[in-house]
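Heads up: the structure comes next, in structure tokens.
Here, each number is a calculation from the coordinates, and none is a lab measurement. Being a predicted model, the structure only gives us computed values, none of them experimental. Cβ atoms come from the backbone with ideal geometry, glycine included; neighbour counts cover every protein chain shown.
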Amino acid sequence: MTLNHHNRAVFAFPDSQAGAKALAKVLNVPLGIIDVHTFPDGETMPQLPFKAGDAILYRPLHHPNSKIFEVVQVLSALHDTGALKISFVCPYLPYMRQDKIFHEGQPLSQAVFARVISPWVHILIAVEPHLHRSHSMKSVFPDVTGTALSGGLALAEYYKTQGFDKNAIVLGPDEEAWHTAKPFAEALGLDWTVAEKKRHGDREVVVTLEDGQFKGRPVIIVDDVISSGMTIVKAAREARQAGANSVEAAGVHALFDKKAEAAFKDAGIKSVISCDGVPHPSNKAPLAPLIARALG
Ligand code: R5P
């Protein structure tokens with residue numbers, strides 16, 4: 001079989017077609033869906049639908065383990081079919097929170113992932129990739145041209161289209177959340193602050209607020225990742241306790257399940273929205289325009 005050739009194209013796996021389709025549309029290039037055959041023994045064989053000189057692979061890597069090897073297989077196939085420029089658009093970069101060996105005997109997972117991906121890509125684009133202890137894409141991926149896009153700005157763009165209360169206060173639910181909360185608040189001209197958070201387990205967090213700023217105001221909790229949802233649940237309860245008259249939340253990456261949704265309701269959280277990098281029912285804020293601008 002001889003593959004057709006395009007100058008520039010977006011490639012995607014079936015699990016992330018919507019985001020890739022939006023990106024291909026903004027870039028005005030063809031979208032190729034990769035067919036993945038799974039053998040009876042669980043091994044996989046991806047098949048490119050066509051080839052491209054300037055190839056853009058789109059796949060967010062939440063629940064990453066099985067996806068990472070498929071991604072490497074495809075990057076290898078793009079290289080072998082003559083792509084001269086390979087961009088990997090990975091809206092959700094995995095293992096970025098394991099940026100430190102917390103206990104002896106654990107891997108430095110962030111660096112392991114970087115070593116797996118880096119040999120195959122020229123350009124890496126991620127959205128809000130949890131660069132906290134590691135301060136830049138360059139420090140994690142020194143051999144790649146990396147760009148970290150602000151999901152906070154994408155969330156703010158969505159809020160602008162919807163309208164919002166100018167008296168609202170933006171709350172980052174932990175010290176690190178300023179990365180997301182600050183650009184969001186500044187883009188909307190809102191006050192912002194961060195809480196203090198102590199994590200005692202996957203689902204056990206204690207959030208403490210500096211009092212005095214919330215009374216009688218709507219609160220918008222803004223974070224990079226919403227996973228178990230406990231961070232925003234605890235932050236919402238504290239904000240209500242401090243006198244907030246309503247609480248809603250916006251997360252860049254939504255990884256939460258139905259159980260978390262029930263907990264949000266229980267905590268009096270009016271609504272939870274997210275960017276569309278990780279496909280999720282809460283997706284509202286499109287990332288394609290931001291990603292397209294970064295790709296040029
Ligand atoms: C933590 O470092 C992140 O910024 C999020 O606050 C955290 O991942 C949220 O997790 P969860 O929803 O499980 O509390």
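Considering only the stretch 120-142, I want to know if a residue exists there that is of a type in the set (Phe, Trp, Tyr), surrounded by fewer than 20 Cβ atoms within 10 Å (Cβ to Cβ) and outside any strand (DSSP E or B). Even if it seems obvious, please write down each step before you answer.
From the stretch 120-142, those of a type in the set (Phe, Trp, Tyr) are 120, 141; that's our starting set.
Checking which are surrounded by fewer than 20 Cβ atoms within 10 Å (Cβ to Cβ) leaves us with 120.
Add one more test, that the residue is outside any strand (DSSP E or B), and what stays is 120.
Yes, there is a match, as at least one residue in the stretch 120-142 is of a type in the set (Phe, Trp, Tyr), surrounded by fewer than 20 Cβ atoms within 10 Å (Cβ to Cβ) and outside any strand (DSSP E or B).
Step by step: first the residues of the stretch 249-296, then only those that are over 19 Å from ILE220 (Cα atoms) and within 12 Å of the ligand (Cβ to nearest atom), then the one that is nearest to the chain's Cα centre (by Cα). Which residue is that?
Selected residue: ASP257.
Condition check ((1) in contact with a Gly (Cβ under 7 Å, 6 or more places away or on another chain); (2) closer than 20 Å to ALA168 by Cβ) across all residues:
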residue: VAL222; (1), (2): yes, yes
residue: SER228; (1), (2): no, no
residue: GLU238; (1), (2): no, yes
residue: ALA254; (1), (2): no, no
residue: LYS259; (1), (2): no, no
residue: SER271; (1), (2): no, yes
residue: ASP276; (1), (2): yes, no
residue: LYS284; (1), (2): no, yes
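Quick check: is even one residue across the stretch 192-206 farther than 30 Å from PRO14 by Cβ and among the small types (Gly, Ala, Ser)?
Quick first cut of the stretch 192-206, residues farther than 30 Å from PRO14 by Cβ only: 192-201, 203-206.
So of that shortlist, the ones also among the small types (Gly, Ala, Ser) come out as 195, 201.
Yes, some residue in the stretch 192-206 is farther than 30 Å from PRO14 by Cβ and among the small types (Gly, Ala, Ser).
Please go through (1) crowded, with 20+ Cβ neighbours inside 10 Å; (2) over 16 Å from the mean Cα position of the chain (by Cα) for GLY105 and return the number of the only condition it doesn't satisfy.
(1)
Of all residues in the stretch 221-241, count the ones that are more than 9 Å from the ligand (Cβ to nearest atom), over 19 Å from the mean Cα position of the chain (by Cα) and of a type in the set (Val, Ile, Thr).
0
Quick test of your reading of the structure: ALA244 fulfils all but one of (1) away from the ligand (no atom under 16 Å from the Cβ); (2) exposed (fewer than 15 other Cβ atoms within 10 Å of the Cβ). Name the failing condition by number.
Against the list (1) away from the ligand (no atom under 16 Å from the Cβ); (2) exposed (fewer than 15 other Cβ atoms within 10 Å of the Cβ), ALA244 comes up short only on (2).
If the Cβ limit is 7 Å and pairs must be 6+ apart or interchain, which residue in the stretch 218-244 that is within 25 Å of VAL278 (Cβ to Cβ) pairs with which residue that is of a type in the set (Lys, Arg)?
Listed by first residue and then by second, the contacts come to SER228/ARG203; MET230/ARG203; THR231/LYS197.
I'd like to check something: does the stretch 188-211 contain any residue that is part of a strand (DSSP E or B) and touching a residue at least 40 places away in the same chain (Cβ under 8 Å)?
No; the residues of the stretch 188-211 include none that is part of a strand (DSSP E or B) and touching a residue at least 40 places away in the same chain (Cβ under 8 Å).
What pairs can you find where one residue is in the stretch 19-42 and under 23 Å from SER274 (Cα atoms), the other is among the aromatic types (Phe, Trp, Tyr) and assigned to a strand (DSSP E or B), and their Cβ atoms are less than 8 Å apart, with a gap of 6+ or different chains?
GLY19/TYR58; ALA20/PHE11; ALA20/TYR58; LEU23/TYR58
Can you tell me which residue in the stretch 14-39 is farthest from the chain's Cα centre (by Cα), limited to those that are small (Gly, Ala, Ser) and assigned to a helix (DSSP H, G or I)? Lay out the reasoning, then the answer.
The initial filter retains those residues of the stretch 14-39 that are small (Gly, Ala, Ser), namely 16, 18-20, 22, 24, 32.
If we keep only those that are assigned to a helix (DSSP H, G or I) as well, we get 16, 18-20, 22, 24.
Details: SER16: 13, ALA18: 15, GLY19: 12, ALA20: 14, ALA22: 16, ALA24: 19 Å.
Among them, the one singled out is ALA24.
So, in the stretch 249-269, how many residues would count as being assigned to a strand (DSSP E or B) and either touching a helix residue (DSSP H, G or I) at 6+ places or on another chain (Cβ under 9 Å) or in contact (Cβ under 8 Å) with a residue 40 or more places away in the chain (or both)? Lay out the reasoning, then the answer.
We begin by selecting, within the stretch 249-269, every residue assigned to a strand (DSSP E or B); these are 249-254, 269.
Then keep just the ones that are either touching a helix residue (DSSP H, G or I) at 6+ places or on another chain (Cβ under 9 Å) or in contact (Cβ under 8 Å) with a residue 40 or more places away in the chain (or both); that gives 249-253, 269.
Of the residues in the stretch 249-269, 6 are assigned to a strand (DSSP E or B) and either touching a helix residue (DSSP H, G or I) at 6+ places or on another chain (Cβ under 9 Å) or in contact (Cβ under 8 Å) with a residue 40 or more places away in the chain (or both).
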